[in-house]
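First up is the structure itself, then whatever we jot down about it.
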Amino acid sequence: MTTDAILQLALFLGVLFVLAWPLGAYIAHIIRGEPKGEQTGPIRLLAPIERVFYKLAGVDASEETGWKSYAIGLLVFNLVGVVLTYALQRLQGYLPLNPQGFGAVSPDLAFNTAISFATNTNWQSYTPETTMSYLTQMLQLTVHNFFSAATGLVVVVALIRGFARKSAGSVGNVWADITRTTLYILLPLSVVFALVFVGQGAIQNFKPYQDVHTVQATTYQQPKLDKVGNAIKDAKGNPMLEDVTTQTQTLAMGPVASQEAIKMLGTNGGGFFNANSAHPYENPTPLTNFLQMLAIFLIPTALVFAFGRMVGDWRQGVAVLAAMTLIFVVAYGVCVWAEQAGNPALVSAGADSAINMEGKETRFGITASALFATITTAASCGAVNAMHDSFTPLGGLVPMGLIQLGEVVFGGVGSGLYGMLVYAILAVFIAGLMVGRTPEYLGKKIEIFEMKMTAIAILVTPILVLACTGIAVMLTAGKAGVANPGAHGFSEIFYAFSSAANNNGSAFAGLSANTPFYNSLLAVAMWFGRFGVIVPVLAMAGSLAAKKRLNVTAGTLPTHGPLFVVLLIGSVMLVGALNYIPGLALGPIVEHLQMIAH
Amino acid sequence: MNLQLRPALVIFGLLTIVTGIIYPLAVTGIAQVAFPNQANGSLIIKDGKPIGSSLIGQNFTDPKYIWGRPSATGPMPNNAANSGGSNLGPTNPALTDAVKGRVAAYKAADPAQTGPVPVELVTASASGLDPEIGPAAAMYQAHRVAVARKVPESQVRALIDAHTQGRQWGLFGEPRVNVLELNLALDELKA
């Protein structure tokens, strides 16, 4: 690592922890429910709106339910979103705010996109600036960025309550939790970030695409078309090309900054443009890049602090955070080293350096690109400021591997912490087996039911990833999408299903995924990868809440010390390694050996 | 289930109004007042007409201009209505071929340059719209531009220096030169 790479990391983590600590206190405050008379900030402003919401919805916010009712409410809420988003995409041609006149989105793509945004994945099989109207982007995609983040938040809130409560029959009121997290946490932060982004150059308007008259004319080739618009082919069956010269550049416009803010804060990652956070209108300067990286980790980190507060021992939160940070720092080190060492093929082709600048932006360079890639895949964000498909084999292994660990290293909003707490339960279980005691975590006895739910939550995504990848590499429809030859082609498919099942959304984007085969199979992986984990986690929340809280004795394994941190990292790495090393060996590792052999 | 459907629909609808309509419209309103230039795309206006955006790279192939990062967008390079990178993997022969082609173009445009070409000039950017290159990559082209414009090379180099931005706040990102703005300044030089 260069000095700069270390400096950037230290700066990032320093600012992150300083901001996340007070935010964690604020989040804990919001989630506990506000005693009257102490209302501050956004709460005072938005509290009347909240009351009107409950009145119209017929909800008594103080009435809490058990985990089943909580889970059903959450599922119904998300299904409503999927149906509406599907419908809006199909109908966008008839609706306003569509200056480019985009028609209906195809059924398989609309289905994939609706599932993708509802599950916090934001996998994009489409090119947004040639597919989605402004209305679709703001009324459905932006909205889902809020709601899927709120969904993750309320699940972890229910789980924390499970640990914090004693002999309780309820885990919370799902409607109050969704409303409060959206209005008081996600919305105010989004407004602040959006305005800073615009100030730096991110666009925010509803204008039609802007034509400009460029300084120099551009000549390019395009397929020759006949009168009905079909490509004319020559005697050999290849499409005939014609030279075209233009001095017009069309700049895509739209309400970008408002979507960008919640895209990062909600660890969603679905870009307004195809190039995502590499696009200068989405991420114009090195400063916005820093803020975008900060936005990804901000709420996940604050939640770890909030967790410590809510279970009454801040050291519990710090232990979890320490495990996350250690894995993160090592992953970043590998990624930045691999990209800096680069690709020897560039030098033999006549470049002055092997540094891997293919698919990277000048303003970010290697350091900020590698840091962004590590952050976006440690979390379940999936936004990219550099093209992961063009990373070196080991540089690309880092994002893929972090996704495959289940995005528990900081992780998605809510989902990162509940994922890591599931691993914490696994860690105390393994420790319990070693010393022959009934495992307990935070004073709760871990018994058969919790271990069954833990096993489901941990195994559902690897099963989806490995099975779907297996299906895709066996079928012609799966292999047809591959863009790069050899081991890298396998990596593209493997990455796609890892990203979908773990709700990341980034891609080795050479893969042509906008086909009925990929759209359907990826949607299945996204849905079950999301709710196949959420439902067992909520079940565990319910069962934990009902338990008594045990007193700490001499035989209790302390879960706030270095020993536990090591155990926790060990559990995460063990499960990840056992599931994925064979697949990684076939893809990035083979490709690395091929690259250095030349 | 019935008990859940009403709150699901109502809460979904009301929060959609707040986050999907009021929020983007409010941000647009504030942005259009506080930052009208940025919110509308940081356009560069010359003689009353928009000729580009300072944030969006344009395609330059004429020897008298500084060339920017290669762009892999289709059908034409620097297509700002269809952004994206090449997505070529590191061991893909197509990547090596593309790099060789770009190296050859630089060598052909300036036979006096015999050394290797800066790597960022022969690798495609992530967005296909990268507006900038590093200062060294701009200096590498100074000789060719000076010859094509029949001006002293020192003048071109001075202009590159004047257009070089350091790291933002001395901390973030990399030093860089905005290619479009530099080329507009080069055109002024001639006049």
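The values are calculated or read from the model by the stated rules, or taken from the named source; none is laboratory data. Because the structure is a prediction, the values reported are computed rather than measured. Cβ atoms come from the backbone with ideal geometry, glycine included; neighbour counts cover every protein chain shown. Just the protein is used for accessible areas: all its heavy atoms, side chains included, with ligands, DNA and RNA removed. Shrake-Rupley method; radii C 1.70, N 1.55, O 1.52, S 1.80 Å.
For the stretch A:1-114, please list each of the helices (runs of 4 or more DSSP H) lying entirely inside it that holds at least 1 residues being on the phi > 0 side of the Ramachandran plot and out of contact with any Pro (no Cβ under 7 Å at 6 or more places or on another chain). Can you show your working first?
On the way: elements: A:3-32, A:41-57, A:67-91.
Helices (runs of 4 or more DSSP H) meeting the threshold: A:41-57.
Looking at (1) open to solvent by 10 Å² or more (accessible area, probe 1.4 Å); (2) more than 19 Å from A:Leu159 (Cα to Cα); (3) modelled with pLDDT under 95, find the lone condition where A:His560 falls short.
All conditions pass for A:His560, except number (2).
Checking the conditions here, which among A:Ile31, A:Ile72, A:Ile27 is open to solvent by 50 Å² or more (accessible area, probe 1.4 Å), under 30 Å from A:Leu544 (Cα atoms) and of a type in the set (A, V, I, L, M, F, W, C)?
Result of the check over A:Ile31, A:Ile72, A:Ile27: A:Ile72.
Can you name every residue in the stretch A:373-403 that is open to solvent by 10 Å² or more (accessible area, probe 1.4 Å) and either of a type in the set (Gly, Ala, Ser) or over 27 Å from A:Leu287 (Cβ atoms) (or both)?
Scanning the stretch A:373-403 gives A:Leu394, A:Leu397, A:Gly401.
Please specify each residue of the stretch B:91-123 satisfying the condition of being within 20 Å of the chain's Cα centre (by Cα) and of a type outside the set (A, V, I, L, M).
Within the stretch B:91-123, B:Arg102, B:Tyr106, B:Pro118, B:Glu120, B:Thr123 qualify.
Failed condition for A:Tyr126, given (1) open to solvent by less than 20 Å² (accessible area, probe 1.4 Å); (2) in a loop (DSSP other than H, G, I, E, B); (3) more than 12 Å from every other protein chain (Cβ to nearest Cβ), with all others met?
With (1) open to solvent by less than 20 Å² (accessible area, probe 1.4 Å); (2) in a loop (DSSP other than H, G, I, E, B); (3) more than 12 Å from every other protein chain (Cβ to nearest Cβ) applied to A:Tyr126, the lone miss is (3).
Give the number of residues within the stretch A:433-456 that are in a helix (DSSP H, G or I) and open to solvent by less than 10 Å² (accessible area, probe 1.4 Å).
At the first step, the residues of the stretch A:433-456 found to be in a helix (DSSP H, G or I) are A:433-435, A:448-456.
This time we only want the ones that are open to solvent by less than 10 Å² (accessible area, probe 1.4 Å), so: A:450, A:454.
Looking only at that region, the number is 2.
I'm trying to understand the selection: among the residues of the stretch A:312-348, which are open to solvent by 10 Å² or more (accessible area, probe 1.4 Å) and not in a helix (DSSP H, G or I)?
The answer is A:Gly312, A:Asp313.
Listed here are the residues, each with its yes/no results for (1) open to solvent by 30 Å² or more (accessible area, probe 1.4 Å); (2) away from chain B (no Cβ under 13 Å); (3) not small (Gly, Ala, Ser).
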residue	(1), (2), (3)
A:Leu45	yes, no, yes
A:Glu50	no, no, yes
A:Lys68	yes, no, yes
A:Asn78	no, no, yes
A:Gly81	no, no, no
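Take A:Phe429 and tell me if it is within 14 Å of chain B (Cβ to nearest Cβ) and hydrophobic (A, V, I, L, M, F, W, C). Give the steps one after another, and end with the answer.
Numbers: within 14 Å of chain B (Cβ to nearest Cβ): no; hydrophobic (A, V, I, L, M, F, W, C): yes.
For A:Phe429, the condition - within 14 Å of chain B (Cβ to nearest Cβ) and hydrophobic (A, V, I, L, M, F, W, C) - is not met.
Being aliphatic (A, V, I, L, M) and open to solvent by less than 40 Å² (accessible area, probe 1.4 Å) is the filter; apply it to the stretch B:140-155 and report the residue that is farthest from A:Glu282 (Cα to Cα).
Here is the first cut: in the stretch B:140-155, the ones aliphatic (A, V, I, L, M) are B:142, B:145-148, B:151.
Subset that is open to solvent by less than 40 Å² (accessible area, probe 1.4 Å): B:142, B:145-146, B:151.
Values: B:Ala142: 31, B:Val145: 32, B:Ala146: 35, B:Val151: 38 Å.
So, considering only residues that are aliphatic (A, V, I, L, M) and open to solvent by less than 40 Å² (accessible area, probe 1.4 Å), the one farthest from A:Glu282 (Cα to Cα) is B:Val151.
If a residue must be open to solvent by 40 Å² or more (accessible area, probe 1.4 Å) and either assigned to a helix (DSSP H, G or I) or among the acidic types (Asp, Glu) (or both), how many such residues does the stretch B:70-99 contain?
Number satisfying all stated conditions: 3.
In the stretch B:111-125, what residues are of a type outside the set (A, V, I, L, M), open to solvent by 10 Å² or more (accessible area, probe 1.4 Å) and outside any helix (DSSP H, G or I)? Step through it out loud before you land on a result.
Narrowing the stretch B:111-125 to residues of a type outside the set (A, V, I, L, M): B:111, B:113-116, B:118, B:120, B:123, B:125.
In the following step, the residues that additionally are open to solvent by 10 Å² or more (accessible area, probe 1.4 Å) were identified as B:111, B:113-116, B:118, B:120.
Selection gives B:Pro111, B:Gln113, B:Thr114, B:Gly115, B:Pro116, B:Pro118.
Just wondering, is there one or more residues in the stretch B:126-148 that are farther than 23 Å from B:Ile44 by Cβ, part of a loop (DSSP other than H, G, I, E, B) and in the same structural domain as B:Ala94 (by TED's automatic domain parsing)?
Within the stretch B:126-148, none of the residues are farther than 23 Å from B:Ile44 by Cβ, part of a loop (DSSP other than H, G, I, E, B) and in the same structural domain as B:Ala94 (by TED's automatic domain parsing).
Taking the residues in the stretch A:214-237 that are within 7 Å of another protein chain (Cβ to nearest Cβ) and either on the phi > 0 side of the Ramachandran plot or out of contact with any Gly (no Cβ under 8 Å at 6 or more places or on another chain) (or both) as candidates, determine which candidate is modelled with the lowest pLDDT. Walk me through it before giving the result.
Keep residues of the stretch A:214-237 that are within 7 Å of another protein chain (Cβ to nearest Cβ), which gives A:214-216, A:218, A:220, A:222.
From what is left, the residues that are either on the phi > 0 side of the Ramachandran plot or out of contact with any Gly (no Cβ under 8 Å at 6 or more places or on another chain) (or both) are A:216, A:218, A:220, A:222.
On the way: A:Gln216: 95, A:Thr218: 94, A:Tyr220: 93, A:Gln222: 86.
Selected residue: A:Gln222.
Answer yes or no as to whether A:Thr376 is within 14 Å of another protein chain (Cβ to nearest Cβ) and in a loop (DSSP other than H, G, I, E, B). Don't jump to the end; show me each part of the working.
On the way: within 14 Å of another protein chain (Cβ to nearest Cβ): yes; in a loop (DSSP other than H, G, I, E, B): no.
It is false that A:Thr376 is within 14 Å of another protein chain (Cβ to nearest Cβ) and in a loop (DSSP other than H, G, I, E, B).
Could you check the stretch A:511-529 and list, in sequence order, the residues that are touching a Cys at 6+ places or on another chain (Cβ under 7 Å) and open to solvent by 10 Å² or more (accessible area, probe 1.4 Å)?
Our first condition is that a residue be touching a Cys at 6+ places or on another chain (Cβ under 7 Å); within the stretch A:511-529, this holds for A:521, A:525.
A:Leu521, the sole residue that qualifies.
Within the stretch A:281-307, restricting attention to residues that are out of contact with any Asp or Glu (no Cβ under 6 Å at 6 or more places or on another chain) and outside any helix (DSSP H, G or I), which residue is surrounded by the most Cβ atoms within 10 Å (Cβ to Cβ)? Please lay out each step first, then the result.
Here is the first cut: in the stretch A:281-307, the ones out of contact with any Asp or Glu (no Cβ under 6 Å at 6 or more places or on another chain) are A:281, A:283-307.
When the remaining residues are screened for being outside any helix (DSSP H, G or I), the result is A:281, A:283-285.
Numbers: A:Tyr281: 31, A:Asn283: 33, A:Pro284: 24, A:Thr285: 22.
This residue is A:Asn283.
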